[in-house]
Each structure stands twice: as C-alpha cells, then as structure tokens.
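Here is the structure we will look at, set down as structure tokens.
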Amino acid sequence: MNMLSYRGVYLWDVETKGAGVLIKAPMGSMDTLSMCAEKTGCRLEVQGYGGFPAKIRRFHGRQVLTAGILLFAIGLYFLSSFIWVIQVEGNERVAKEDILTYCQELGLKPAAWKRGIDTEKITKDILIQFPDISWVSVGIKGTDVTIKVAETIQKAEVVDKETPCDVIANTDGVILKITAERGTPKVKEGDVVKKGDVLISSEVLIGLEGEAQHTEYVAAEGMVMAKIWQQLTDELPLSYDEKVYTGATKTNHVLSFFGQDADFIRPSLGDTEADVDVLFEKDLALGDFKIPISLKKEQYNLYTLEKRSRTVDEAKAELEDKLRKKTEQSVSVYGKIEKIDMQYDEYTDCVRAKGQAELTERIDEKRKAEKGRDAVDGTDGTNDTNGQ
C-alpha cells in the first residue's frame, strides 16, 4: 500500500479481511497494482468491478438491449417536453371544468408542448374571462401545470324591493294560510287556485276610505301555504333477476396510454358476471416528470343471476315504500305529507300502483307585474298615437 501511494495510486475504503486487506482503486491502475503486488510478494485477487465504466462494459455485445435503453431515454426526454397533468387549486364558486375548458381554448391542455405555453398571457385571459377570479398564478413544474386562483369576495344577495311584482301560485291547490308582508292579498283560506293565479297583488290603494285614493305598485312579498295533490305511479314485476355474489374475487391490472385503457389480460369469468371496483390508479412518473401512462388495479366481484319471485302483497308493500320515499324527496322544508292513497292493478306478471299524495306545501313564487312595470316606466300600458 505504501508503494502504491508512492506511485500516486489513489486508494479508498481500505479494510482488513481475514489475513488480507480489501481495497478499492481506479481501474486504470491495474498494471501498477500487479507490479507492486509482485514486488512485495503479495497475491492480488480482483473481487469485482464497479463504477459507470464497468456497467457500460456489461452491455458490450448486447446491442438490442442497449438500443432499447437509449430509445427509452430518448422517448422519456421527448415526453417530458409536453404537458400531461393540469390541476386547479383555490376555486370554490367557479367550476374547475369551466376553467379547464377555457384553458383548452387557449392551448393549455394535456399533450400541449411546454415551450408553446405563454403563462403570462393565459393568466391575463383567465382574469378577463372570469369576473369572480381576482388573482391567478399559472406554474409549470415538470410535466404538471398548477393553476392557483383566488376568488373575489362574494357579494351579498340583494333583495329587490323596488321592482313591482306579484306573488303567484306555482301549482294548483286549496289555500290554507296566507301571510302578506307587502301587497294586497287576493285570496283567502279555502279558495281554490290554479297555477299562475295571483295570490298577493302588487297593486296597493293609498288613501283613507271615503277620500280620493290612488294606486301604487310594490314588490309583493309573503308566504302562502296550500293543500296540493301529487299523482304517483310505478310498477314492479313479479319475477326478476337478483345478483347473488359468490364471494370469489379476481384482480386485473390495466395500463392506460394517453387516457386509453389497454387491458391485454382480462380475467376469465366463465359462467359468472362481475361488478368491477377500482382499487387504485396511479400515474407513472420519474421524479417531477409525469408520463401519459397510468397503472390501474381492479377487483372483480363475481356473481350469478338467479331467478326470484315476489308475491302480490310483497310487490304492493315495496311499491308503497318506494313511492312514499319518492314523495318525501319532493317535499320542501316547509311541506308535509298528510296522506297517501294507493290503488293497485294486478296482472299476471306485474303489479301496477297508482296513488295520490295529499301534501301541505308552500306554493308562492314571484312574477314581475306588467301594470306595475308600466307605472314605473311612466306609461299606462296603451299605445296612444297622435292623440287617438
């Protein structure tokens, strides 16, 4: 070792191994190592080769493998020149899909060339296109684009109390209760109304009884509760197919290229069918560079279809429960189901239900008043030409 050091051979990771010494030295110093070992009476034994030159030497004579690695590296470099993933952060009121669609019109989309992306121009265009966005940052990292946005402070909802409007019925019904905050009630408890009938008018008479009165128009406001009816219908077959899961599962791995699945080896299901659950899906990447290839793992839950039958009474019970739940979903927070009357038609292969639900529901909605609008515009709703 002293002789090697004297001759300028760099040694590292020196350690004893039994009766010998294990050293690491440059590959170019093999001749010097052999000479020094011979002069000092030592036996030189090469334990292995390391480093990049040694790894390159391993591919000597493997032209196909070497070419494949080079082509892969070139392809990876080529793919890293494009945008593959676009993310939007910070949006709440503005839909992510709207931002991505507009960015696509600007040329920012998956498979777009990175050098052709003008982030400053895209930032300005997004601010112009979406008034609810006050700040935008478009950043490119690897093959990813992250669009960070900050939205404007949402304006409080302004209730229009100036434009004359009537409160009308949004459906047919029988009035149960009317509470008018502004305007003139036109119906009372027990009145039958049709959809579109005026419930609270925008016309208000101003002045004392017995004296001259004039009409003013206001934005009518109020709540009107009514009894309404909802028609229900549905049917159920007496014979049907039911999924019976076998408990067996199969896994499947799918490669996706540019968003297209390439399922080369699909599990054989035999005489069974299966529901497919995606266990995980991962985009492949090398560091920050994502490539348009993803790996997806699926689980097939096997089942068979077996014939089942229900009795007429069972079908009626299912229909009643189904229609009641459907009615409950249609009732507003102000409404209530009073009762549901059902009638059934029995056939050889099915049962058909026809029902009527009686509800207590709020039926008021606003509509601009034509007369009131004419008054605001300074006209009386007639066309007077040349005094005629």
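Suppose we keep only residues that are surrounded by 11 or more Cβ atoms within 10 Å (Cβ to Cβ) and acidic (Asp, Glu) within the stretch 265-280. Which one would you say is farthest from Thr251 (Cα to Cα)?
Only one residue tops the list, namely Glu273.
Any idea which residue in the stretch 75-119 is surrounded by the fewest Cβ atoms within 10 Å (Cβ to Cβ), counting only those that are polar (S, T, N, Q) and free of Cβ contacts under 8 Å to residues at least 24 places away in the same chain?
Among those that are polar (S, T, N, Q) and free of Cβ contacts under 8 Å to residues at least 24 places away in the same chain, it is Thr101.
Any chance the stretch 97-109 includes a residue that's of a type in the set (Gly, Ala, Ser), assigned to a loop (DSSP other than H, G, I, E, B) and under 24 Å from Met225 (Cβ atoms)?
Looking for residues that are of a type in the set (Gly, Ala, Ser), assigned to a loop (DSSP other than H, G, I, E, B) and under 24 Å from Met225 (Cβ atoms), one finds none in the stretch 97-109, hence no.
Looking at (1) surrounded by fewer than 17 Cβ atoms within 10 Å (Cβ to Cβ); (2) closer than 30 Å to Asp345 by Cβ, find the lone condition where Leu205 falls short.
(2)
Can you list residue pairs whose Cβ atoms sit under 8 Å apart, with the first residue in the stretch 244-261 being basic (Lys, Arg) and the second being not in a strand (DSSP E or B)? Count only pairs 6 or more apart in sequence or on different chains.
So the pair list comes out as Lys250/Pro267; Lys250/Leu269.
Every residue in the stretch 129-144 that is under 29 Å from Pro292 (Cβ atoms), part of a loop (DSSP other than H, G, I, E, B) and within 24 Å of the chain's Cα centre (by Cα), please.
Listed by number, the residues that qualify are Phe130, Thr143.
For the condition buried (at least 18 other Cβ atoms within 10 Å of the Cβ), touching a strand residue (DSSP E or B) at 6+ places or on another chain (Cβ under 6 Å) and assigned to a strand (DSSP E or B), what is the one hit in Ile175, Ile126, Ile122?
Ile175
Which helices (runs of 4 or more DSSP H) sit wholly inside the stretch 10-84 and have at least 3 residues that are over 30 Å from Ala112 (Cα atoms) and at pLDDT 75 or above?
Here the list reads 30-40.
How many residues, within the stretch 262-283, are modelled with pLDDT of 80 or more, in a strand (DSSP E or B) and more than 15 Å from Tyr303 (Cβ to Cβ)?
The total comes to 5.
The values are calculated or read from the model by the stated rules, or taken from the named source; none is laboratory data. Bear in mind the structure is a predicted one, so any value in this text is a computation, not a measurement. All Cβ positions, glycine included, derive from the backbone under ideal geometry; neighbour counts span all protein chains shown.
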